[in-house]
Amino acid sequence: MAKVAPSILSANFNNLIEEIKSVDNAKYLHIDVMDGKFVPNITIGPLVMKNFKKEINNMVMDVHLMIADPVKYAPDFVKAGADIITFHYEAVKFAEPAIDAIRELGVKVGISIKPLTDINVLDDLLDKVDLILIMSVEPGFGGQAFIPSALDKIKYLADKRKQNGYNYLIEVDGGINKETAKQCIEAGVDILVAGSYIFSSNNRKALIEEIENDN
Ligand code: DX5
Ligand code: ZN
């Protein structure tokens with residue numbers, strides 16, 4: 001049921017297309033965009049991303065914007081092939097107009113919260129988004145340890161969805177390995193973002209299958 005979204009942040013950037021092909025049995029490809037402002041790190045932009053769509057077949061391009069002005073740059077990522085654009089609740093003054101603006105570009109819209117942000121800030125937005133991304137590490141870097149309070153947030157979202165018939169997907173990002181994946185799946189997650197755990201393996205496709213078959 002739950003799907004793995006490999007995060008290319010932990011891939012070898014000298015050979016990005018081959019690295020992506022090494023995980024292309026996954027449904028989603030997670031693309032981390034950082035601007036050195038919203039988070040203390042800088043990664044890639046739309047110019048690099050646009051090659052992915054040309055070279056990679058059949059992966060859903062799941063773009064995680066960790067940037068200060070997501071609405072301004074979202075159109076560039078749509079042109080570069082994004083299927084889902086997720087922005088941070090903490091990055092905008094008003095979330096609802098940001099959701100509307102991104103939706104108008106013709107893509108699915110996700111909203112994300114950092115580990116210290118209360119889940120209840122999303123209460124009025126639950127019927128307006130396609131995806132909710134729970135950060136289980138402070139955004140900015142791969143390879144950090146999973147913060148367990150993410151599990152309660154996932155459970156909360158899964159319960160709310162059941163009670164109210166909402167349609168959003170629940171995604172978790174940061175510190176995912178075999179054990180934490182299992183805990184998130186039990187809590188009700190749909191998409192497990194995994195960077196270092198997948199890319200440090202020399203049998204990445206089998207590892208993706210193993211995690212997905214565990215539920
Ligand atoms: C962190 C990024 C994550 C990161 C996860 O800010 O949003 O997607 O790549 O890396 P791991 O799986 O190594 O924690
Ligand atoms: Zn991410």
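Where a number appears in this text, it was derived from the coordinates with a stated rule and is not lab data. Please read these numbers as outputs of a predicted model, since none were measured by experiment. Glycine gets a Cβ as well: all are built from the backbone with ideal geometry, and neighbour counts include every protein chain shown.
Before moving on, here are some points about what is shown:
- Taking every alpha-carbon pair under 8 Å whose residues sit at least 6 apart, the chain reaches a relative contact order of 22 percent.
- Average projection area in nm² (convex hull over Cα atoms of the stretch 146-211, one quarter of hull surface): 4.4
- Cα shape, the stretch 23-80, gyration tensor, a/c 1.5 rule: prolate
- Computed packing ranks the peptides 34-42, 172-180 as 172-180, 34-42, most packed first, by mean other Cβ atoms within 10 Å.
- Here the stretch 55-134 is treated as a Stokes sphere of Kirkwood radius computed over C-alpha pairs; at 37 °C and 0.692 mPa s its diffusion coefficient rounds to 257 µm²/s.
- Kirkwood-based shape ratio for the stretch 81-179, expressed as Rg/Rh from alpha carbons: 0.95
- Over the chain: helical MRE at 222 nm, DSSP H runs n ≥ 4 each giving -39500 (n - 2.57), nearest 500: -10000 deg cm²/dmol
- Pairwise Cα inverse-distance average, inverted: Kirkwood Rh of the chain (Å): 17.0
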